[in-house]
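Shown next, in structure tokens, is the structure this report addresses.
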Amino acid sequence: MKIATSFLAALLLIGTLGSINTAMSADGVISKDELTADRYCHEKFHSMTGQSLDTDNPVLNNSGAIVDFYGSCNENPVGEDQIQDQKLEAQHRFADDYED
């Protein structure tokens, strides 16, 4: 009986974690911690694909790098400021990797 109860509890925990991960990934935000009462947050979300940064509809890369963001709690992972930041990061990465 103890084994069946433990197995059922483990199965329930795994199912709950899977549904939480799916719900949190719907908008691209992996984690969001509100640090102060005046809406300052620590967020982690997926970066956008390099090909979609120059389009009108940027797409998050769910298997790519993760952006570690500190700032306003209403940050949009595909907003204009994130597009500019990620373009600048790509330029710096290119300069470091390929230029003398």
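So which residues in segment 63-88 are farther than 19 Å from K32 by Cβ, surrounded by fewer than 13 Cβ atoms within 10 Å (Cβ to Cβ) and not small (G, A, S)?
E80, Q84, L88
Which ones in segment 65-93 are of a type in the set (S, T, N, Q) and in a strand (DSSP E or B)?
Scanning segment 65-93 gives a single hit, S72.
Can you name every residue in segment 42-62 that is surrounded by fewer than 17 Cβ atoms within 10 Å (Cβ to Cβ), in contact (Cβ under 8 Å) with a residue 12 or more places away in the chain and among the hydroxyl-bearing types (S, T, Y)?
T49
Return the total of residues in segment 67-84 being in contact (Cβ under 8 Å) with a residue 12 or more places away in the chain and either out of contact with any Ser or Thr (no Cβ under 7 Å at 6 or more places or on another chain) or over 23 Å from Y40 (Cβ atoms) (or both).
Selection size over segment 67-84: 12.
Values in this text are rule-based calculations from the coordinates and carry no lab data. Predicted model, so just to flag it, every value in this text is computed and none were measured. Using ideal geometry, Cβ is built from the backbone for each residue, glycine included, and neighbour counts are taken over all protein chains shown.
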